[in-house]
Amino acid sequence: MTLFLLRRAGWFLVTLWLVVSVSFVLMRAVRGGPFSSERALHPAVEQSLRARYHLDWPLWKQYLQYVGPLDWSAEGHALVGGDGTRPFGGLLALDLGPSFKYRDFTVGEILAQSLPVSAALGALALVWALALGLPCGILAAVRRGTRLDLALRLGATLGIALPNFVVAGLLVLVFVFGLGWLPPAGWGDLQHFLLPSFVLGLPFAAYVARLTRAGLLEVLNQDYVRTARAKGLPPRLVLVRHALRAALLPVVTYLGPATAGILTGSLVVEKIFAIPGVGTHFVNSALNRDYPLAMGVTLVYTVLVYALNTLVDAAATLLDPRIRLEEAG
Amino acid sequence: MTAAWRARLRNVLALALLVPLAALALALARRARLPRAEFVYSNGSEVTTLDPATVSGQAEGRVAMALFEGLTVKHPQTLAPLPGVAERWEVAPDGLTTTFHLRADARWSNGERLTAEDFLFSWRRLLEPETAAPFAYQLWCVRGAEAFGRSTPEEREARWRAVGLAAPDARTLVVELARPTAYFLALTSFHPLFPVHRRSLEEAQRRFPGRWQSEWVRPGHLVSNGPFKLVERRVNDRLRLVRNPEYWDVASVALRSLDILALEHIGTGLNLYLAGEVDWIDRVPAALVPQLRRRADFQAAPYLASYFYRVNVTRPPLDDVRVRRALALAVDRPTLCAAILQKGEPPSWSLTPPGLAGYPRPEMRHAPQGADEAAHAAALAADRAEARALLAAAGYGPARPFPPLEILFNTSETHRDVAEVLAADWSAALGIEVKLLNQEWKSFLDSQTNLRYDLSRSSWIGDYPDPNTFLEAFTSRSENNRTGWSSTRYDALVAAAAREVDAERRLALLAEAEALLLEELPILPLFGYVSQNLVHPRLGGFHPNVLDEHPPKFWHWQERAR
């Protein structure tokens, strides 16, 4: 286990470095700059802004400054650490820099404010996904071929196929303007959560239901389940103790990356429900050419995906003793 | 422990994991709880910064107007300058020297006195190139200011002494202009010229060298002088402002607190307004305008902004003025406005929008528009006949078909609709094949700036109610020209207007410049904008005006709906 984690940590650093370097170059290769606007800036003004954010430097110099082993800024020295106050600058010191678009905030502050919001929403969406998806999947598998199975499968297909802004619109119509139970948008109270987390969780619930059903159907035909039945165990016990454990494997494998996606928010759901999460920044930072912010959200996503995948691989061995970590690593 | 037990335990644990997950989510969100303010409004996207000197957008201007105050304040309806930090002012007969008398009780939100020195500091900061203020050039009308703004750090002090700004005492500010500037008094209520608090700014710069910008505007750090002050801020969510007890005119500020929301989604804004959670939204979904127009709380008013197409005059066949004129004539503007835009946008044959007081606004030559449907059809037929004749004169006909054109626009439903209508008009009336190309905003700007387009969707919002704010953009040296068009005569007319003392003659010169622009047509005029506000029916002190500016200082609740 320790060896597995160590090896994973090593690869993590390599992955991170690759992501940083490739994004750094790609981002700056895109046409259009962070300071262009309908009302063009005076050339001297644009020059000042570019100088403030070191965009007038050659790319390699900007890169080293961003990553942090070297620092040429007015108050820094060529090699960071010379003054003994801080061993590294930039990324190595977890300093993600200032945002170009939201100039009153550093990227770190923006992430610190918006990540918890998205994480809270995502956690609730996961609760919806599992609370709806698992029972529906099990029910459909146990009652396979019946009308109930058909209805549940239809529901799952709809949950995946319907775009979330359609679901959101319908729910707002019913629960806000029809019944008057919930506020249309906003953030801070339990009522504010229910609709957006449901909308966000619905497609995941649908996937979970389908995976659970498929996994269970496969397992239920296996020899060891037949043996369990043959020795006279009650069907419920067979299901819960023997079948479900193995059937959940694909669900758990799916949940890892899904959780990373769900926790980092959704542009559409956040916009429709006016939620100040991090999902908005994934798209807007790129559109605004806000390089540091785009880099910040990319890094967060990389870390989350990597961490959760590692977690899933570890969890898989608990569910299925046939899987060993060495293979997974 | 038996294996069965362990399995059961694991199942229970897995389920139990969901409960703390949900609890954690709720706890995190509860921290964000903030009861709504007395007045809540939607301000579009998150503002770039609260620093009034370095921003240019409307959303930023609205925040600055609540937090800060200039020498003068705009009247909420007429936009005429009212006393602000200056209680009175005198303009010398030559129109060049203005003496502002600051009120004795002008104070910062921390209780410190606001003096004429604060304006010297703030305006110097605005002009310094390192500040990177987009509107610094607005102050170049002050004597010596342009030279100072273009100076290197070494020449800075010497050049500063030559700038026509002086503070003989704490309550007097003397401004000497380089040339008479009709709109100078209006500029003093424009946010780049608002004062900023020197001590807190310099302290932030000293203590937080790399990130002073985010430190000095932080709630608790930001010192301002307007009717409201900042108490809380959450990125992409809201700014919470409360009445500033140190404000000199606090007695007439009726609202105790304001929430300024960053709401990007127009439909969400409308939902929140309809549910009573937001009291003012400044844009509504285009498709709902016909229904919303029937509401008493919907205000649509002419807005000081124009929608037009830039023409790349460096690309044949668009380098031929006859072709540009043919394109401009063939568009059915009244139908575009009535059937597609539907908000009451006025069709336009000019660059400047209507509503500029005293300005003899010229139009491009076109058949006079009649009031009824038959007259409109006749005018359009006449214009299109002329357009076809112009194309024929330019050498295009059955023997030599017109090459296909491309319309470049930035991604938006409305822009696509307009582009489709124009493409259909040109195809039907002139037989020109038109392709549409949309690009996301920054790529679009890049294409426009580098003249990589045939025709490009454009708009211009006036900064102050004067034609100069529109016409200056198309001078040869302007970065906002972006058409490749340049005319020495046009440049000379705009420059002559800037030197002209007499108000009427100045506007006549600008009208002559615009007439020339509309003869050459590096732009195809289309329509003027309208503002579209849904405002709480009981809010008083909120009036439609051409700048769509609404100083919150004057807002109050009325007993009855408007």
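Provide the net charge surrounding B:His376, with neighbours chosen by a C-beta distance below 12 Å and charges set as Lys +1, Arg +1, Asp -1, Glu -1.
Overall, the nearby charge balance is -3.
In a simple Cβ point-charge model (Lys, Arg +1; Asp, Glu -1; nothing else charged), chain B has a dipole of about 2000 debye relative to its Cα centre.
Inter-chain Cβ neighbour count for B:118-131, averaged per residue, equals 1 (cutoff 10 Å, partner chain atoms only).
For the segment B:442-455, counting C-beta atoms of other chains within 10 Å of every residue's C-beta and taking the mean gives 3. Think of chain A as having a plus end and a minus end, set by charges on the Cβ of Lys, Arg, Asp and Glu; of A:Leu194, A:Leu94, A:Val251, A:Val251 sits farthest toward the positive end of this dipole.
When each of the peptides B:221-232, A:12-23 is scored by how many other beta carbons lie within 10 Å of its residues on average, the order from highest to lowest is B:221-232, A:12-23.
As a length-normalised measure over Cα pairs under 8 Å and 6 or more apart, the relative contact order of region A:2-103 settles at 16 percent.
In plain terms, the residue of B:Leu471, B:Leu127 with the fewest other Cβ atoms within 10 Å comes first and the most crowded comes last, giving B:Leu471, B:Leu127.
When all alpha carbon pairs of the protein assembly as shown are counted in 10 Å bins from zero, the resulting P(r) reads 2, 10, 18, 21, 20, 14, 8, 4, 2, 1, 0 %. Gap in Å between the Cα centre of region B:55-110 and the Cα centre of region A:128-176? Using only Cα atoms to place each centre, the spacing works out to 59 Å.
Considering only the other residues whose Cβ falls under 10 Å of the Cβ of B:Asp105, what net charge follows from Lys and Arg at +1 and Asp and Glu at -1? After counting each charged neighbour, the total is 0. Given the pairs A:Lys101/B:Lys442; A:Lys271/B:Lys553; A:Lys101/B:Lys553, which are separated by over 21 angstrom at their Cα positions? Beyond 21 Å: A:Lys271/B:Lys553; A:Lys101/B:Lys553. Once a ≥ b ≥ c are taken as the square roots of the eigenvalues of the Cα gyration tensor of region B:418-515, is the result rounded (a/c under 1.5), prolate (a/b larger than b/c) or oblate (a/b not larger than b/c)? Note, shape of region B:418-515 comes out prolate. Taking every alpha-carbon pair under 8 Å whose residues sit at least 6 apart, region A:108-328 reaches a relative contact order of 28 percent.
Every Cα-Cα pair of chain A was included, and the share exceeding 34 Å stands at 41 percent. Considering only A:Leu41, A:Leu70, A:Leu239, the Gaussian network model of chain A with Cα springs below 10 Å gives its largest mean-square fluctuation to A:Leu41. At an R0 of 56 angstrom, the distance between the Cβ atoms of A:Arg241 and A:Leu94 translates into a FRET efficiency of 0.75. The alpha carbon centroids of region B:364-417 and region B:491-562 are separated by 28 Å. What share of Cα pairs, in percent, lie more than 46 angstrom apart in chain B? Roughly 23 percent, once rounded to a whole number.
Between the alpha-carbon centres of region A:240-285 and region B:220-251 there is a gap of 38 Å.
With +1 on each Lys and Arg Cβ and -1 on each Asp and Glu Cβ, and nothing else charged, work out how big the dipole of chain A is about its Cα centre, in Debye to the nearest 20.
Values: 27 positive and 19 negative charges, 288 e Å.
Rounded to the nearest 20 debye, it is 1380 debye.
Averaged over peptide B:212-219, the number of partner chain Cβ atoms lying within 10 Å of each residue's Cβ comes to 3.
Each Lys or Arg adds one and each Asp or Glu takes one away; over the other residues whose Cβ falls under 11 Å from the Cβ of B:Glu215, this sums to +1. When +1 charges are put on Lys and Arg Cβ atoms and -1 charges on Asp and Glu Cβ atoms, the dipole computed for the protein assembly as shown relative to its Cα centre reaches about 3780 debye.
Each of B:Ala561 and A:Leu162 was given a label point 7 Å from its Cα along the Cα-to-Cβ line. The distance between the two points is 3.4 nm.
Each residue in B:Val421, B:Val85 was given a count of other beta-carbon atoms within 10 angstrom of its own, and listing them fewest first yields B:Val421, B:Val85.
Shape verdict for region B:339-459, please, from the Cα gyration tensor: rounded (a/c under 1.5), prolate (a/b greater than b/c) or oblate. It is oblate, given that a/c is not under 1.5 and a/b is not larger than b/c.
If the viscosity is 1.002 mPa s and the temperature 20 °C, what translational diffusion coefficient in µm²/s does Stokes-Einstein give for region B:230-348 when Rh comes from Kirkwood over Cα pairs?
Stokes-Einstein gives a translational diffusion coefficient of 114 µm²/s.
No lab work stands behind these numbers, since they all come straight from the coordinates. These numbers were taken from a predicted model, which means no experiment stands behind them. Here the Cβ is made from the backbone with ideal geometry for all residues, glycine too, and neighbour counts use every protein chain on show.
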